[in-house]
Amino acid sequence: MTQTPSPAPEPPGGRLVLSPAGTWRGVRTLLPVAIFVIPFGIAFGVAASERGLSVIQSLGMSALVFSGAAQFPTLEFWQDPIAFASLALVVLAVNARHVVMGAALSPWINTLPVRHRVLLLSLLSDPNFASGQMALRAGERDLGVLLGGGLILWVNWIAGTAIGALAGRLIGAPATFGLDVVMTCFLAAMVAGQIERKTKILPVMVAALVAVVLLDHVPTGWNVILGALAGGIAGSVRHAR
């Protein structure tokens, strides 16, 4: 006798949708932040061209990978012969934080059809994760806010890459204009806004401390993962008391 699969659990707050209206809200919400993605795309386009990538190759990487944190380190391996195994391990380490992000979004994302999940997660990045999760926890029922935020970031990342690959050397690095701190400030503000009670401060402080201490002692990206694990353990221990 064939067993009927059990339905997906109801998400926190009720049924979710994915609509054009919600997507447009997500675009509008992250448009101010997405503007500052362009200079980093320019920096990547310049670095990629210096490594010998053509404009098409640079744009293709930005469109398909969509991860500045991973794309910059991969350029170190862009030489003949390409060390594909090392390159893959670096990308895995740098982007391993997406495992934590995906787990945090799973109560909402897993209610959608697989094709919609793939679309949303392919455009997932730190800014739209932070703003989208905050909106969902506050009662937002439209996952388009995640999609729209990721979409505008993706478009601006590709646009910046194109500018950098074509003429970025005339502009210079984002750090020259202090633009490198914008994303850090945005994410810090998102985290601060989600600390609703004093009891949540300890896990955040533990996670931040571990991530900073390990910054120069573990491979790139692993300090974030270990910090998240340490913060989760600290929160579990405090909750159990």
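The values are calculated or read from the model by the stated rules, or taken from the named source; none is laboratory data. Given the structure is predicted, the values throughout are model-derived calculations rather than measurements. All Cβ positions, glycine included, derive from the backbone under ideal geometry; neighbour counts span all protein chains shown. Accessible surface areas use protein heavy atoms only, side chains included; no ligands, DNA or RNA. Shrake-Rupley method; radii C 1.70, N 1.55, O 1.52, S 1.80 Å.
Relative to the present Cα-Cα distance, how much length would full extension add between Met134 and Ala208 at 0.36 nm per residue of separation? Let's see the in-between values first.
Working: separation 74, 0.36 × 74 = 26.64 nm, distance 1.91 nm.
Fully extending the segment from Met134 to Ala208 adds 24.7 nm.
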task: In nm, give the distance between the simple-model label positions of Ser106 and Ala85, each being 7 Å from the Cα along the Cα-to-Cβ direction.
output: 3.1
statement: Looks like region 99-174, by Cα gyration tensor root eigenvalues a ≥ b ≥ c and the a/c under 1.5 rounded cutoff (else prolate when a/b is bigger than b/c, oblate otherwise), is prolate
- line: By the C-alpha gyration tensor axes a ≥ b ≥ c (rounded if a/c is under 1.5, else prolate when a/b exceeds b/c, else oblate), the shape of region 33-79 is prolate
task: Provide Thr161, Thr111 ordered by accessible surface of protein heavy atoms (probe 1.4 Å), highest first.
output: Thr111, Thr161
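Quick check on packing: order 129-138, 16-25 by the mean number of other C-beta atoms within 10 Å, highest mean leading. Walk me through the numbers on the way to the answer.
Working: 129-138: 19.3, 16-25: 16.0.
Ranking the peptides 129-138, 16-25 by packing returns 129-138, 16-25.
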